[in-house]
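The values are calculated or read from the model by the stated rules, or taken from the named source; none is laboratory data. Given the structure is predicted, the values throughout are model-derived calculations rather than measurements. Here the Cβ is made from the backbone with ideal geometry for all residues, glycine too, and neighbour counts use every protein chain on show. We work out accessible area using only protein heavy atoms, side chains counted, and drop any ligands, DNA or RNA first. Shrake-Rupley method; radii C 1.70, N 1.55, O 1.52, S 1.80 Å.
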Amino acid sequence: QNKNNIIYELVDDDGNDGEYNIHNEDNIVNSNYIPPERDIMRLDELTEIDVFKMTFDSEENGERFYNSYAKVKGFSIRRDQLYKDKNNMVISRSWVCSKEGYRQSKYLEVEERKREPKQLTRVGCHACFHIKYNQSTSKYEVNKFFKDHNHSIIGPLGVKFLCSYRNFISADKAQGYVMHRIGMRTSHIMDFAAQQVGGYENVGFIQKDMYNHFGTKHKAQVVNGDAKGALAYLCGKAEQYPMFYYKYDVDEEN
């Protein structure tokens with residue numbers, strides 16, 4: 001690799017407002033490195049030529065870049081194809097716009113549907129980002145990048161509500177679940193979370209994420225509760241009637 005090639009080091013701090021550092025590969029860069037002003041570019045100013053010059057030390061860094069780029073541009077991404085070698089090392093990875101492809105026809109042609117179908121979200125968008133491992137440089141290089149979308153891009157106020165950028169952390173889950181168990185409605189819990197951080201746009205998740213979490217916890221309790229309840233009933237019958245007999249087995253999941 002030519003030493004004049006440029007490596008783009010992504011600054012993943014949201015406080016930097018989508019900026020990243022450009023430096024020569026011979027430079028030593030650490031967390032305290034502050035590049036000259038002329039060496040700082042914004043993600044929303046990147047051209048296709050700039051992107052194709054990029055190299056990454058790992059697949060994760062490639063994903064961090066494209067996710068940050070998508071956040072600045074106003075769209076959400078999802079992982080696509082992944083290829084590994086015989087040593088289980090990732091040799092290529094691609095990401096696409098969340099609106100890539102179309103919903104399969106089998107989900108659209110359900111007979112005797114009990115619920116209204118969900119809103120169509122995939123519109124065949126071709127925006128994508130693909131990196132491939134170069135053994136000679138030990139770097140991941142960009143070998144495919146398509147930036148154009150066939151749909152409108154969400155504004156900066158709505159980008160925090162896209163799937164790629166919502167983050168329902170453990171502390172929020174624990175706090176919400178405690179409030180849910182004492183009888184608070186989910187909408188009221190969401191209002192409380194918004195008041196804590198100064199608005200819904202700063203919460204980091206949406207009400208649907210909270211509903212899903214509570215539903216998952218409830219299902220787990222029902223599964224365990226049904227089994228314990230049945231055994232307690234049978235045990236009570238055995239104590240009440242000496243001739244009553246029951247037997248059960250458990251698997252590896254108890």
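Below are the figures for this structure:
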{"read-out": "Residue tally, condition closer than 22 Å to Ala220 by Cα and among the small types (Gly, Ala, Ser), over region 162-208", "value": "5"}
{"read-out": "Count of region 167-186 residues which are in a loop (DSSP other than H, G, I, E, B) and either touching a helix residue (DSSP H, G or I) at 6+ places or on another chain (Cβ under 6 Å) or open to solvent by 80 Å² or more (accessible area, probe 1.4 Å) (or both)", "value": "4"}
{"read-out": "Members of region 106-138 that are closer than 28 Å to Tyr83 by Cβ and among the polar types (S, T, N, Q)", "value": "Thr121, Asn134, Gln135, Ser136, Thr137, Ser138"}
{"read-out": "Test for Ser94: is it of a type in the set (S, T, N, Q) and surrounded by 14 or more Cβ atoms within 10 Å (Cβ to Cβ)", "value": "yes"}
{"read-out": "Residue, nearest to the chain's Cα centre (by Cα), within region 167-199, restricted to residues that are at pLDDT 80 or above and under 30 Å from Trp95 (Cα atoms)", "value": "Phe168"}
{"read-out": "Selection status of Lys73, within 25 Å of the chain's Cα centre (by Cα) and either modelled with pLDDT of 90 or more or open to solvent by 60 Å² or more (accessible area, probe 1.4 Å) (or both)", "value": "yes"}
